[in-house]
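Reading through the structure tokens given below for one structure.
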Amino acid sequence: MFRVEFGKTFRRIRTYVLGGLLAAVSVLPVVVFATASHPGGGPPFFEFLRRSGLFAPLAAMVLIQPFILPLGAGLLAGESIAGEASGGTLRYLLVRPVGRGRLVGAKYGAVMALLGLAVLWVMVVGLLAGVIAFGLHPVPTLSGTELGVGAATLRVLVTGVYVLASVAGLAAIGMFLSTLTDSAPVATVAIVAIVILSQILDGLSSLHAIHPFLLTHDWLAFADLFRSPVAWDRITHGVVVFALYTVAFITAALARFRHKDIVS
Amino acid sequence: MLYGFLGPNGAGKTTTIRMAVGLIFPTEGSVEVLGQPVRGSMENLPSLRRVGAMIEEPAFWKYLSGRRNLEAYARAAGPAADRDRRLVRVPEVLRLVGLEEAASKKVGAYSQGMRQRLGIAQALLGEPDLLILDEPTNGLDPQGMREIRILLRRLADEGTTVFVSSHLLAEVEAMCDRVGVLAHGRLVAEGAPSELRTLSDSIRIEVGDTARAREVLGGLSGVRIEDEPGIGRWLRVRLSDGTTAAAVNRALVSAGVEVGALIPERASLEDVFLSLVEGDDVPR
């Protein structure tokens, strides 16, 4: 089932259009900083961009994490069950018979694998563009020390894993919503709304008591990987929160879908 | 065997089929398919592997070709041996439904009749012991209907149990060995088409005194007078529950009603169907 899911995605033109857009986003910071006459500051990593091409994938992560990647997670996860339901193919898959638990598992696996590929794609394209424009140099940390190319590359990879983990919980929420409705766009919009709401709540300082439990609170904590020594607190806290959301909502999706009457 | 599942729109044909394949769950009672109870979503997987089904309209991924759609369904579930067997059968089922030439076209470009054929091909993929088809000839032209009927007949003769739901009486009458009639969610009759027909024979009687005849017939069981205005001294009487024309005649004559003529009318399945579905004895 997982393979089928994957295969189907790569036979859609849509997939390649989105891949192209992601590539464009990944080279955007490099292009801007390579051509600007007065490169100024910006979000973390941007100010150092000219120092090493290794910063380019990080800058790309900062660009896709707050909105583009959650949108992708929303699209894929929202469509997972609801899309099959509205197309009518869901009943044929269940009668084939694909077990309901297995279907949720395979769909979630495919969503995460595709998001993983998207992150990898953005990083590789960003890295290539960055290295071509600015070369492969040791990178300065946010604490002022310097990291060798090897150590820095490893941390860039860990960043990718962290970014992927940060949308795992969101994709799980999306799976759950997708079992509630037969309309994929409704599920997608709901997911995006949750992300926006979470970010708004995270910005209200009077609500700081609930901030640690918000899904989006630790999303950009991967910047801490580029301190010396690495500040693990927020990163580990983030991973725990993502895991809790994932387990909770996959369980909810399974419980809901197992007993759902499929009349679409 | 070819079983026809007949009922008007909204009688519960599709609901029954959905319960049989575990898509929805009955609030009370139980369902058994191929000797196995259909329960939650987990326990009935092995028996469902022996069932091929088309429920309501066929459904496919429009951006994939006909062949790729069948392959996707084949690959969607294990075990590996079952999956491979289905993959190997893809060209064969495409040939059976006459879609070899269109197999590489995207399903989005298919006509309704082609989708219907592909839906039947999909149901045949696993060489099922039980083939459940919901309105299989929907959207087909007369030639296509005939082809599908011949195909289903052949499968039934080769040992597959074919369960076909339909609201087309002529189709069911021409094709099925057994017919079940569903009305308002209940099976109101079941039998071979010829048996069902005898359920509802009717006679036309010319009587001397229609008012008196109505009175007499009203007291008989298994007799129902159908009101057809403007036909003078003729009455049309529908017989059921084994009541014979002779019994009606005897009752009329012994009550002193003159019987001028009595003409038996052979019921069509349509008459049976209408009497079953619209009859007063049908629970609503």
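The values are calculated or read from the model by the stated rules, or taken from the named source; none is laboratory data. Predicted model, so just to flag it, every value in this text is computed and none were measured. No Cβ is skipped: glycine too gets one built from the backbone with ideal geometry, and neighbour counts run over all protein chains shown. Side chains included, ligands, DNA and RNA excluded: accessible areas come from the protein's heavy atoms. Shrake-Rupley method; radii C 1.70, N 1.55, O 1.52, S 1.80 Å.
Looking at the range B:43-74, which of the residues that are within 7 Å of chain A (Cβ to nearest Cβ), more than 23 Å from B:ALA109 (Cβ to Cβ) and free of Cβ contacts under 8 Å to residues at least 60 places away in the same chain is surrounded by the most Cβ atoms within 10 Å (Cβ to Cβ)?
Checked the range B:43-74; the qualifying residue surrounded by the most Cβ atoms within 10 Å (Cβ to Cβ) is B:LEU48.
Condition check ((1) open to solvent by 60 Å² or more (accessible area, probe 1.4 Å); (2) under 30 Å from B:ALA11 (Cβ atoms); (3) at pLDDT below 80) across all residues:
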| residue | (1), (2), (3) |
| --- | --- |
| B:GLU195 | yes, yes, yes |
| B:ALA213 | no, no, no |
| B:VAL223 | no, yes, no |
| B:ASP227 | yes, yes, yes |
| B:GLY242 | yes, yes, yes |
| B:SER254 | yes, no, no |
| B:GLU270 | yes, yes, yes |
| B:LEU276 | no, yes, yes |
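Could you list all residues from the range A:5-15 that are over 16 Å from A:LEU120 (Cβ atoms) and either in contact (Cβ under 8 Å) with a residue 24 or more places away in the chain or away from every other protein chain (no Cβ under 11 Å) (or both)? Steps first, answer last, please.
The first filter runs over the range A:5-15 and keeps only residues over 16 Å from A:LEU120 (Cβ atoms), leaving A:5, A:7-8, A:11-14.
Answer for the range A:5-15, where residues must be over 16 Å from A:LEU120 (Cβ atoms) and either in contact (Cβ under 8 Å) with a residue 24 or more places away in the chain or away from every other protein chain (no Cβ under 11 Å) (or both): just A:GLU5.
Could you tell me how many of the residues in the range A:218-254 are open to solvent by 60 Å² or more (accessible area, probe 1.4 Å) and among the hydrophobic types (A, V, I, L, M, F, W, C)?
Residues flagged as open to solvent by 60 Å² or more (accessible area, probe 1.4 Å) and among the hydrophobic types (A, V, I, L, M, F, W, C) within the range A:218-254 amount to 6.
Could you look through the range B:1-42, keep only residues that are more than 8 Å from chain A (Cβ to nearest Cβ) and aromatic (Phe, Trp, Tyr), and pick out the one that is least open to solvent (accessible area, probe 1.4 Å)? If you could, list the steps in order and put the result at the bottom.
Our first condition is that a residue be more than 8 Å from chain A (Cβ to nearest Cβ); within the range B:1-42, this holds for B:1-17, B:19-20, B:26-39.
With aromatic (Phe, Trp, Tyr) added as a condition, the list becomes B:3, B:5.
On the way: B:TYR3: 27, B:PHE5: 11 Å².
Here the answer is B:PHE5.
Return only the number of the condition from (1) more than 17 Å from A:ILE64 (Cβ to Cβ); (2) in a helix (DSSP H, G or I); (3) within 16 Å of the chain's Cα centre (by Cα) that A:PRO212 does not satisfy.
(3)
Find the helices (runs of 4 or more DSSP H) located wholly in the range A:4-108 whose residues include 1 or more that are of a type outside the set (A, V, I, L, M) and within 30 Å of A:SER198 (Cβ to Cβ), and list them.
Working: elements: A:13-35, A:55-64, A:68-87, A:89-95.
Passing ranges, in order: A:13-35, A:55-64, A:68-87.
Just a yes or no: is a residue in the range A:190-203 among the small types (Gly, Ala, Ser), in a helix (DSSP H, G or I), closer than 27 Å to A:ILE81 by Cβ and open to solvent by 20 Å² or more (accessible area, probe 1.4 Å)? Show your work before the answer.
First, the residues of the range A:190-203 that are among the small types (Gly, Ala, Ser): A:190, A:193, A:198, A:203.
Still in the list and also in a helix (DSSP H, G or I): A:190, A:193, A:198, A:203.
Right, trim to closer than 27 Å to A:ILE81 by Cβ and you get A:190, A:193, A:198.
Checking the rest, the ones that are also open to solvent by 20 Å² or more (accessible area, probe 1.4 Å) come to A:190, A:193.
Yes, that holds for at least one residue.
Which condition does A:ASP224 not pass, out of (1) of a type in the set (D, E, K, R); (2) over 14 Å from A:VAL241 (Cα atoms); (3) assigned to a loop (DSSP other than H, G, I, E, B), if it passes all the others?
Exception for A:ASP224: condition (3).
Looking at A:ALA184, A:ALA252, A:ALA223, which is the one that is of a type in the set (A, V, I, L, M, F, W, C) and within 14 Å of another protein chain (Cβ to nearest Cβ)? First the steps, then the outcome.
Details: A:ALA252 fails: within 14 Å of another protein chain (Cβ to nearest Cβ); A:ALA223 fails: within 14 Å of another protein chain (Cβ to nearest Cβ).
Among A:ALA184, A:ALA252, A:ALA223, only A:ALA184 is of a type in the set (A, V, I, L, M, F, W, C) and within 14 Å of another protein chain (Cβ to nearest Cβ).
Are there any pairs with C-beta distances below 7 angstrom linking a residue in the range B:139-159 that is open to solvent by less than 70 Å² (accessible area, probe 1.4 Å) to a residue that is in a loop (DSSP other than H, G, I, E, B), with the two at least 6 apart or on different chains, and if so which?
B:MET145/B:THR137; B:ILE148/B:PRO136; B:ILE148/B:THR137; B:ILE148/B:LEU140; B:ALA156/B:MET1
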